[in-house]
Amino acid sequence: MKSLQPAPSAWSDLGARAVPYIPLALFAGLGAVLAYLWKWPCRFGGAWGNGTLQFTNFCYTDIYPLWWGEKLSDGKVPYLDYPVEYPVGIGGIMEFFRRIVTPMQDPATAFYDLTVILMALCLVVGVLLMAALTGPTRRWDALWYALAPALVLTAYINWDLAAGALALGALLAWSKQRQWLAGVLLGLAIATKFYPLMFLGPLFLLTLRTGRWRPFLKMVGGTAGIWLLVNVPIMLVAFDGWKRFYVFSQERPADWGSIWYFFGQKQWPILGDADRLDMLGVVSLGAFCLAIAVLTLTAPTRPRLMQLCFLTLAAFMLTNKVWSPQYVLWLVPFAVLARPNWKAIALWQVAECWYFFAIWLYLVGIQPGNEALGISGDTYFTAVWGRAITILIMMGLVVRDILRPDGDVIRRDGSDDRIGGVFDGAPDRFLLTPSGFRLGRLRSGALADGDPDAGRTEPAIH
């Protein structure tokens, strides 16, 4: 006898799937509120109007002063009327809110508040996307992104959370094998902040190892297409304004937070030479990327996509000539997705929090007459090296997991790379070995413990 119970509707099924994410959304909302309250001395206490108090209260943000700094207060349209030093994604956000707040009595504060609301939504979306990437068994790993101490401190310094949500959305789409959508979202992320461009490197390396070229080319096509779609119109009507971000990035000297700033202040030979800064940055990043490429193509077990994304992004941050406090927002989700070990992440968070307080105290201390309120350069540089060293430690642990996958907590259930999309369970097509390289169909023996044929080529070409 057939059941008389009605079939579940699509809405009820969607609701059932959404229920596990509700607590994470609430925690992300809590993180967003805590980040807003952290700015209380500036937003409600008037510290923004004082060059010392905004640092001693640790509530500085770029968003509020840039209302004047980017001439939005004068009604200037980004790029067209004034050369904004940000990519077009952020310029678009600026212009959107400029139009809304201009008639208001206090447009600068309203500009900050509305921007914060958008960034808070981006945080919630980013946490949910990260939870979807982790899967049902590790969904609560996303709490690191929702409530990480360094996130609460830095969430509203700049517009970084917008790029983070777009980048995570791109990688979730890739994991679902929706390459065109992944490309579109990644292109929008790159148009908002430049760092998501680094994720194309890991995707290329894993494509080279597996031979899955069509999905990769689809994603690259979507990335390039949408990036051109949002950039070319601005380039055509206001090229000088559009190129300001790229010229500024090239011309700016070593800035606070960067290890190159330390070398320059200490006047180290070669490493502290301002004229060689760009070359040193490119060479050091290239060395990191070469090492990651060799690791990817020689590791007996194919690395997971998130492991390579973390390594590549960490290398970019370590070698960059600018390392602002809010850059921690870039790395949190990928550090957790690469290796969700609370001890290493907690140590890194301590270092990031120390840097957050140290940079503001250092900026106070270098102001004439405020030396007693701040810290010395040598004390500040302990924070610079503290976070650099903790990130290097995490990179080393991820490399160890790649070379010894039995210690990778993500793969303990016997899975390969659920976030990897087409790479998940794919056989190797290209592999570097001590005797040369191998082409052909290699068995996907990454996790075949006890299988003597794991990794054997069928056939191999030297």
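The values are calculated or read from the model by the stated rules, or taken from the named source; none is laboratory data. The model shown is predicted, which means the values in this text are computed figures rather than measured ones. Every residue, glycine as well, gets a Cβ built from its backbone with ideal geometry; the counts of neighbours run over all protein chains shown. Heads up: the accessible areas ignore ligands, DNA and RNA and are worked out on the full protein's heavy atoms, side chains in. Shrake-Rupley method; radii C 1.70, N 1.55, O 1.52, S 1.80 Å.
Which number in (1) in contact (Cβ under 8 Å) with a residue 24 or more places away in the chain; (2) open to solvent by 10 Å² or more (accessible area, probe 1.4 Å); (3) closer than 24 Å to TRP38 by Cβ; (4) touching a Ser or Thr at 6+ places or on another chain (Cβ under 7 Å) marks the one condition that TYR156 misses?
Failed condition: (2).
If I filter the range 97-107 for residues that are touching a helix residue (DSSP H, G or I) at 6+ places or on another chain (Cβ under 9 Å) and buried (at least 23 other Cβ atoms within 10 Å of the Cβ), do I get at least one hit? Spell out how you get there, then give the answer.
Going residue by residue through the range 97-107, those that are touching a helix residue (DSSP H, G or I) at 6+ places or on another chain (Cβ under 9 Å) are 97-98, 100-102, 104, 107.
From what's left, buried (at least 23 other Cβ atoms within 10 Å of the Cβ): none.
Checking the range 97-107: not a single residue is touching a helix residue (DSSP H, G or I) at 6+ places or on another chain (Cβ under 9 Å) and buried (at least 23 other Cβ atoms within 10 Å of the Cβ).
Which is modelled with pLDDT of 95 or more, part of a helix (DSSP H, G or I), over 21 Å from ALA358 (Cα atoms) and open to solvent by 40 Å² or more (accessible area, probe 1.4 Å), of LEU26, LEU66, LEU37, LEU14? I'd like the intermediate steps shown before the answer.
On the way: LEU66 fails: open to solvent by 40 Å² or more (accessible area, probe 1.4 Å); LEU37 fails: over 21 Å from ALA358 (Cα atoms); LEU14 fails: modelled with pLDDT of 95 or more.
Only one candidate qualifies: LEU26.
Of GLY421, GLY414, GLY425, which residue is surrounded by fewer than 15 Cβ atoms within 10 Å (Cβ to Cβ), at positive phi and either assigned to a loop (DSSP other than H, G, I, E, B) or modelled with pLDDT of 85 or more (or both)?
Numbers: GLY421 fails: surrounded by fewer than 15 Cβ atoms within 10 Å (Cβ to Cβ); GLY425 fails: surrounded by fewer than 15 Cβ atoms within 10 Å (Cβ to Cβ).
Just one listed residue meets the conditions, GLY414.
Taking the criterion of being at pLDDT below 95, hydrophobic (A, V, I, L, M, F, W, C) and either touching a strand residue (DSSP E or B) at 6+ places or on another chain (Cβ under 6 Å) or assigned to a helix (DSSP H, G or I) (or both), would at least one residue in the range 326-343 satisfy it?
Scanning the range 326-343, I find at least one residue that is at pLDDT below 95, hydrophobic (A, V, I, L, M, F, W, C) and either touching a strand residue (DSSP E or B) at 6+ places or on another chain (Cβ under 6 Å) or assigned to a helix (DSSP H, G or I) (or both), so the answer is yes.
Select from the range 335-382 the residues that are of a type in the set (Gly, Ala, Ser) and more than 19 Å from the chain's Cα centre (by Cα) and write down the one among them that is nearest to TYR156 (Cα to Cα).
ALA358
So VAL247 ticks every box in (1) closer than 15 Å to PRO87 by Cβ; (2) in contact (Cβ under 8 Å) with a residue 12 or more places away in the chain but one. Which box is left unticked?
VAL247 satisfies all of (1) closer than 15 Å to PRO87 by Cβ; (2) in contact (Cβ under 8 Å) with a residue 12 or more places away in the chain except (2).
Between a residue in the range 104-131 that is without any contact (Cβ under 8 Å) to a residue 40 or more places away in the chain and any residue that is surrounded by 16 or more Cβ atoms within 10 Å (Cβ to Cβ), which pairs come within a Cβ distance under 6 Å, given they are 6 or more apart or on different chains?
The qualifying pairs are MET104/ALA110; ALA110/VAL101; LEU114/PHE97.
Which of the residues belonging to the range 175-195 are open to solvent by 10 Å² or more (accessible area, probe 1.4 Å) and in contact with a Lys or Arg (Cβ under 9 Å, 6 or more places away or on another chain)?
SER175, GLN179, TRP180, listed by residue number.
Quick check on my filter: what residues within the range 250-292 are closer than 29 Å to TYR79 by Cβ and either within 20 Å of the chain's Cα centre (by Cα) or without any contact (Cβ under 8 Å) to a residue 12 or more places away in the chain (or both)?
GLU251, ASP255, TRP256, GLY257, SER258, GLY281, VAL282, LEU285
Exactly one condition in (1) out of contact with any strand residue (DSSP E or B) (no Cβ under 7 Å at 6 or more places or on another chain); (2) open to solvent by 10 Å² or more (accessible area, probe 1.4 Å); (3) of a type in the set (A, V, I, L, M, F, W, C) is not met by CYS309; state its number.
So CYS309 meets the others, but not (2).
Pick out the one residue from LEU208, LEU172 that is touching a residue at least 40 places away in the same chain (Cβ under 8 Å), over 22 Å from the mean Cα position of the chain (by Cα), open to solvent by less than 70 Å² (accessible area, probe 1.4 Å) and within 27 Å of ARG418 (Cα to Cα). Walk me through it before giving the result.
Working: LEU172 fails: over 22 Å from the mean Cα position of the chain (by Cα).
It is LEU208.
Identify all residues within the range 40-63 that are among the hydroxyl-bearing types (Ser, Thr, Tyr) and open to solvent by less than 40 Å² (accessible area, probe 1.4 Å); write none if there are none. Please lay out each step first, then the result.
First, pick out the residues of the range 40-63 that are among the hydroxyl-bearing types (Ser, Thr, Tyr): 52, 56, 60-61.
THR52, THR61, listed by residue number.
Are there any pairs, at least 6 apart or on different chains, whose C-beta atoms fall under 9 Å, with the first in the range 370-382 and among the small types (Gly, Ala, Ser) and open to solvent by 30 Å² or more (accessible area, probe 1.4 Å) and the second modelled with pLDDT under 95 and part of a helix (DSSP H, G or I), and if so, which?
ALA372/GLY365; SER376/GLY365
Could you tell me which numbered condition ALA291 fails, if it satisfies all but one of (1) part of a helix (DSSP H, G or I); (2) touching a helix residue (DSSP H, G or I) at 6+ places or on another chain (Cβ under 8 Å)?
Failing condition for ALA291: (2).
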